[in-house]
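Asker: One structure, pasted below without further comment.
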Amino acid sequence: MRISCLQENLAKGLSIAGRVTSSRVTMPVLENILIAVENGRIRLVCTNLDVSINVWINGTVEEEGALTVPVRLLTEFVNLLPSGKPVNLTYLTQSRQLEVSCGQFRTAFNTIEANQFPDVQDSIHEMEATLNLDTHELRTMIEETAFAAATGEDRPNLACVQVELADTGLTLAATDGFRLAVRHTTLEQAERDQKILVPARALSELSRILADADSSKPVDVAVTNNHSQILANLHGLSHERGSFVEVLLICQLVDAHFPDYNRIIPQEGATSVIVDRNNLLQATRASFLLTRENNNIVTAKFNTEEDCIEISSESNDRGDSRNKLEARISGEALDISFNGQYLIDALTHIQTEFVVMDMTQNNRPAKLCPSASEESKGRDFLQVIMPMTSAR
């Protein structure tokens, strides 16, 4: 194998593929990246067996071939090389090493044969109909839901995002048992009903890649016939330096039960509030300062007589915080305590100027939605936060 590519392009490909590599592996080859040159294309592949990322980058091919090298070492070395310069990769047959050179820099890496690397594309031809999604819309949907998934490994069903496809559109939902985020968008394509569980970490990786993708081209998403894998194929800004040509992410789906989240969404609130999102966010952050290393509890007092909200917190060691802000409140006065971090996360992921809060009782979940606007037509986004018992 003998190839050459710009330092920026190689560094970008390594950074995208290498993020799925785990240090806790049972097979040494899984710590490596597969560099394959076939049909004049350069492909970089990493996998942890649950998630695999294929990245194609621009470059010059003099001789085809395939091999694997330690991805972290190669990435660190390439990042040290001068930008704008060509990086040459040559397989040394006698020593079975990959020589990487750029100007006066040279390092030879030990390799493992490519045939020991898992075949991550063996199911690519066994897909159901492909769904074409807008790049920006898909990234937004992931960002607005994946953060609410559980992060531990003890509840695999909650460490996922439920992806639901129906003739009404596409819905993503995530919950860790204490909060919920649901995002829906309408689609022109009519599809049959389908629900799958995709690990939230895999979708977060996809979201990062989408940030550098060509937004003028759709993302092709498909599920294998046996419903064991989901595939996402997207295009990069291949004409720009430091970009990629194409990425294919393949992820194993989770076979588990996802909660019926519709049962906990408040339908009609006894108290409804419209408030400036940024003001509420800043007030919550101010009160959260005193509680973030303790119980995280902040209390929201909705005053119907003065049309205001008081966000407060108390700490025996640090003091107390009281922050008032104007709001439009209808219904009953109410005091409700939240995990301050959850409220901050919810408000951070709402992008409209005003946020709508609906609540029934101080011991029942609260629903947060973006305020109605022209931009929100054809899409729905809501979050639910469970209340906490105040220590006061």
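The values are calculated or read from the model by the stated rules, or taken from the named source; none is laboratory data. Nothing here was measured: the structure is a model prediction, and the numbers come from that model. Cβ atoms come from the backbone with ideal geometry, glycine included; neighbour counts cover every protein chain shown. Protein only, heavy atoms only, side chains kept; ligands, DNA and RNA dropped before computing areas. Shrake-Rupley method; radii C 1.70, N 1.55, O 1.52, S 1.80 Å.
Asker: Helix 7-18: angle to the longest alpha-carbon principal axis of the chain, degrees 0 to 90, nearest 10?
Answerer: It is inclined by approximately 60 degrees.
Asker: GluC sites (Glu not before Pro), restricted to region 1-100: which are DSSP loop and have at most 15 other Cβ atoms within 10 Å? Could you put the intermediate results ahead of the total?
Answerer: Values: sites: E8, E31, E38, E62, E63, E64, E76, E99; in loops: E64.
Passing both the DSSP loop test and the Cβ count: E64.
Asker: Given charges of +1 on the Cβ of Lys and Arg and -1 on the Cβ of Asp and Glu, with all other atoms neutral, how large is the dipole of the chain about its Cα centre, in debye to the nearest 20?
Answerer: Working: 34 positive and 53 negative charges, 203 e Å.
Using Cβ point charges on Lys, Arg, Asp and Glu, the chain gives about 980 debye.
Asker: Want the number for L237 to L73: 0.36 nm per residue separation, take away the alpha-carbon distance, what's left?
Answerer: In short, 56.4 nm is gained.
Asker: With axes computed from alpha carbons, what is the tilt in degrees of helix 200-210 against the longest principal axis of the chain, rounded to the nearest 10 within 0 to 90?
Answerer: Taking the Cα atoms of the chain, the angle to 200-210 is about 70 degrees.
Asker: Quickly estimate the mean residue ellipticity at 222 nm for the chain, helices only: each DSSP H run with n ≥ 4 gives -39500 (n - 2.57), and the total goes over all residues, rounded to 500. Numbers along the way, then the final one.
Answerer: Numbers: 6 runs with 63 residues, N = 392.
Counting only the DSSP helices, I get -5000 deg cm²/dmol.
Asker: Follow-up. Starting from the amide H of R96, placed 1.01 Å from N in the peptide plane, find each other amide H under 5 Å away whose residue is 5 or more places distant or on another chain.
Answerer: Excluding prolines and chain starts, which carry no amide H, there are no hits.
Asker: Let me ask you something else. Mind checking the full-extension length gain between S371 and T151? Use 0.36 nm per residue of separation minus the Cα-Cα distance, one decimal, nm.
Answerer: Working: separation 220, 0.36 × 220 = 79.20 nm, distance 2.92 nm.
So the extension gain works out to 76.3 nm.
Asker: What accessible area per residue comes out for region 1-99, rounded to a whole number of Å², with a 1.4 Å probe? Let's see the in-between values first.
Answerer: Values: 4490 Å² over 99 residues.
Here the residues of region 1-99 average 45 Å² of exposed surface.
Asker: Relative to a virtual label point 7 Å from the Cα of Q282 in the Cα→beta-carbon direction, which members of region 320-347 show backbone nitrogen distances below 16 Å?
Answerer: Backbone N within reach: 322-327.
Asker: Could you give each residue of region 285-302 its phi-based ³J(HN,Hα) in whole Hz, using Karplus coefficients 6.51, -1.76, 1.60 with θ = phi - 60°, and x for Gly or Pro?
Answerer: 4, 5, 6, 5, 4, 7, 10, 5, 9, 10, 9, 6, 7, 10, 10, 10, 10, 9
Asker: Students often forget the sequence filter, so: which lysines lie under 23 Å Cα-Cα from K324 once same-chain residues fewer than 8 apart are removed?
Answerer: K324 reaches K301, K367.
Asker: If I model a spin label at Y261 and N363 as a point 7 Å from the Cα along the Cα→Cβ vector, what separation in nanometres do I get?
Answerer: Each label point lies 7 Å from its Cα, and together they span 2.6 nm.
Asker: Here's another thing I want to ask about it. Could I have the simple spin-label model distance between S83 and K301, label points 7 Å from Cα toward Cβ, reported in nm to one decimal?
Answerer: In this crude spin-label approximation the distance works out to 5.3 nm.
Asker: In addition: What nm distance separates the two modelled labels at D345 and T93, each placed 7 Å from Cα along Cα→Cβ?
Answerer: Here the answer is 5.6 nm between the modelled labels.
Asker: Which ³J(HN,Hα) values in Hz, rounded to whole numbers, follow from the phi angles of region 114-119 under the Karplus curve 6.51 cos²θ - 1.76 cosθ + 1.60, where θ = phi - 60° and Gly and Pro get x?
Answerer: For region 114-119, the Karplus-derived couplings read 5, 6, 8, 7, x, 7 Hz, x marking Gly and Pro.
Asker: Need the full-extension length gain, N39 to E268, defined as separation in residues times 0.36 nm minus the C-alpha distance. One decimal, nm.
Answerer: Details: separation 229, 0.36 × 229 = 82.44 nm, distance 5.95 nm.
Extending this stretch completely gives an extra 76.5 nm.
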